[in-house]
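Taking it in order: structure first as structure tokens, then the write-up.
The values are calculated or read from the model by the stated rules, or taken from the named source; none is laboratory data. Since the structure is predicted, the reported quantities are computational estimates derived from the model, not experimental observations. Positions of Cβ are generated from backbone atoms using ideal geometry, with glycine treated the same way; all protein chains shown enter the neighbour counts. Side chains included, ligands, DNA and RNA excluded: accessible areas come from the protein's heavy atoms. Shrake-Rupley method; radii C 1.70, N 1.55, O 1.52, S 1.80 Å.
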Amino acid sequence: MTRADRLEELIRERELDALVVTNLVNVRYLTGYTGTNGVCVVGAGRRVFLTDFRYTTQASREVDGFDVEQGRQDLLEDAAKHVSGRTGFEDFTMTGRQLERLREFVREGTELVPAGRLVEQLRAVKDEGELRAIRAAAALADEVLGGVPERGLAGRSEREVAVELEAEMRRRGSDPSFPSIVAAGANGALPHAQPGNDPIARDTLVVVDMGCVVDGYCSDCTRTFATGSIADDAAEVYDLVLRTQVASLERVRPGAACQEVDGFARERIAEAGHGERFGHGLGHGVGLEVHELPTLSRAGEGELRTGHVVTVEPGVYVPERFGVRIEDLVVVDESGCEVLSGFPKELTTVG
């Protein structure tokens, strides 16, 4: 059964006649198209892919299982010709302007219905081809991260280290899956800090968060390094985060409620007196995007399933002093989970 066939089943369950897919990541997932202007329509026996003149040759090479049609540069008018009845749209990503235009173009009697994240639900469970790409992206991230101890941190700027990491990814034929984070000392207390230009000090902690892309699929890994001796309370926080991360991996298994896995880690950190310093979710799905379903958080929905790929990344952030985050990428399987991130998690001191 193809991805579009599985989507058709979800469309039928929602009592829809068709779905207009405008999110380009979802379009790629369904059709294989990697260009920057494309829309597809999926319904009962209906598989239509639309793009404009600039991408028709590319689409003929990449798109599989869909009828390829050339439309105008604004493809919604062309897509509207292929729908009727109860037609779903991707309300999580479609803009208000796009929706208004689609309403202008559909034929009389067509009902446009918010469809939620139907394609994203399918994307959450990876097939073997997707897992091969993600494993390769995780292995590449390990190799790139391995250059950090070799090249050192102290005395270099966060920006210099981040640029170097991304240059190494590209040298190996990859790209960063997101802007790399290198955050030393007080900057490490900012979970999504931007690398700065000041030299990294000795005797501090440095959070390094990065990922690679292989065949369109992302990886995501975080390690926290030391640049020398660190304060006792910083060492205690590192140990707390490491023990919490390792213990949380044991909770990742098919059938585990996403909120409960997050709650397990949150409770351990709160018991140690740092609950208010762990403000983000324990993890998130990774695939064609570095943040996708499912979500391990207080707002996470549903249960983990075999084939989900998620991060497990507890952190503690002490304002104006330091942060610690340790993140592995894992695949949920029948036995629990397979950890894809191989770089050591014990505190590594880097000069």
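Quick one: which strands (runs of 3 or more DSSP E) lie wholly within the range 167-242 and hold at least 3 residues that are farther than 15 Å from L153 by Cα, small (G, A, S) and open to solvent by less than 20 Å² (accessible area, probe 1.4 Å)?
It comes to none.
Of all residues in the range 1-50, those satisfying the criterion of being touching a residue at least 40 places away in the same chain (Cβ under 8 Å), part of a helix (DSSP H, G or I) and among the charged types (D, E, K, R) are R3, R6, R28.
Taking A256 as the residue in question, decide whether it is among the small types (G, A, S), open to solvent by less than 30 Å² (accessible area, probe 1.4 Å) and closer than 19 Å to A124 by Cβ. Criteria met by A256.
Residue count for the range 29-46 satisfying the condition of being surrounded by 14 or more Cβ atoms within 10 Å (Cβ to Cβ) and over 27 Å from the mean Cα position of the chain (by Cα): 2. Would you mention how many residues in the range 51-66 are outside any helix (DSSP H, G or I) and either basic (K, R) or farther than 18 Å from R3 by Cβ (or both)? The number of residues fulfilling the criteria is 2. Taking the conditions exactly as written (at pLDDT 95 or above and assigned to a helix (DSSP H, G or I)), does G155 satisfy them or not? Spelling it out, it is not the case that G155 is at pLDDT 95 or above and assigned to a helix (DSSP H, G or I).
Could you list, in sequence order, all residues of the range 56-100 that are over 30 Å from the mean Cα position of the chain (by Cα), open to solvent by less than 60 Å² (accessible area, probe 1.4 Å) and not hydroxyl-bearing (S, T, Y)?
Narrowing the range 56-100 to residues over 30 Å from the mean Cα position of the chain (by Cα): 69-72, 77-78, 80-86.
Narrowing further to those that are open to solvent by less than 60 Å² (accessible area, probe 1.4 Å): 71, 77-78, 80, 82-85.
Within the range 56-100, G71, E77, D78, A80, H82, V83, G85 qualify.
Scanning the range 95-131 for residues that are touching a residue at least 12 places away in the same chain (Cβ under 8 Å) and of a type in the set (S, T, Y) yields a single hit, T110. N26 falls short on exactly one of the conditions (1) closer than 16 Å to R86 by Cβ; (2) open to solvent by less than 30 Å² (accessible area, probe 1.4 Å), and that condition is (1).
Per-residue answers, yes or no, for (1) in contact with a strand residue (DSSP E or B) (Cβ under 6 Å, 6 or more places away or on another chain); (2) closer than 22 Å to A193 by Cβ:
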residue: A257; (1), (2): yes, no
residue: F264; (1), (2): no, no
residue: L282; (1), (2): yes, yes
residue: F322; (1), (2): yes, yes
residue: L329; (1), (2): yes, yes
residue: E346; (1), (2): no, no
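Here V261 meets each of (1) open to solvent by 20 Å² or more (accessible area, probe 1.4 Å); (2) closer than 22 Å to D209 by Cβ with one exception, condition (1). Contact map, the range 133-156: first residue farther than 21 Å from Y217 by Cβ, second residue charged (D, E, K, R) and surrounded by fewer than 16 Cβ atoms within 10 Å (Cβ to Cβ), Cβ cut-off under 9 Å, separation 6 or more or different chains; pairs are A154/R202; A154/D203; G155/R202.
All of L16, L50, L10 fail the test of being under 20 Å from E289 (Cβ atoms) and of a type outside the set (F, W, Y), apart from L10.
Condition check ((1) of a type outside the set (S, T, Y); (2) not in a strand (DSSP E or B)) across all residues:
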position: Y317; (1), (2): no, no
position: E320; (1), (2): yes, yes
position: G323; (1), (2): yes, no
position: D328; (1), (2): yes, no
position: V332; (1), (2): yes, no
position: E338; (1), (2): yes, no
position: F343; (1), (2): yes, yes
position: E346; (1), (2): yes, yes
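The set of residues in the range 171-189 being without any contact (Cβ under 8 Å) to a residue 12 or more places away in the chain and more than 21 Å from G287 (Cβ to Cβ) consists of R171 alone.
Tell me whether the range 133-146 contains one or more residues that are open to solvent by 60 Å² or more (accessible area, probe 1.4 Å), within 20 Å of L293 (Cα to Cα) and of a type in the set (D, E). No, every residue in the range 133-146 fails to be open to solvent by 60 Å² or more (accessible area, probe 1.4 Å), within 20 Å of L293 (Cα to Cα) and of a type in the set (D, E). Output the residue which, of all residues in the range 67-80 that are assigned to a helix (DSSP H, G or I) and touching a helix residue (DSSP H, G or I) at 6+ places or on another chain (Cβ under 8 Å), is nearest to D5 (Cα to Cα). Only one residue tops the list, namely A79. One residue stands out in the range 287-325 among those that are open to solvent by less than 50 Å² (accessible area, probe 1.4 Å) and out of contact with any Gly (no Cβ under 8 Å at 6 or more places or on another chain): the one that is nearest to A186 (Cα to Cα), namely V318.
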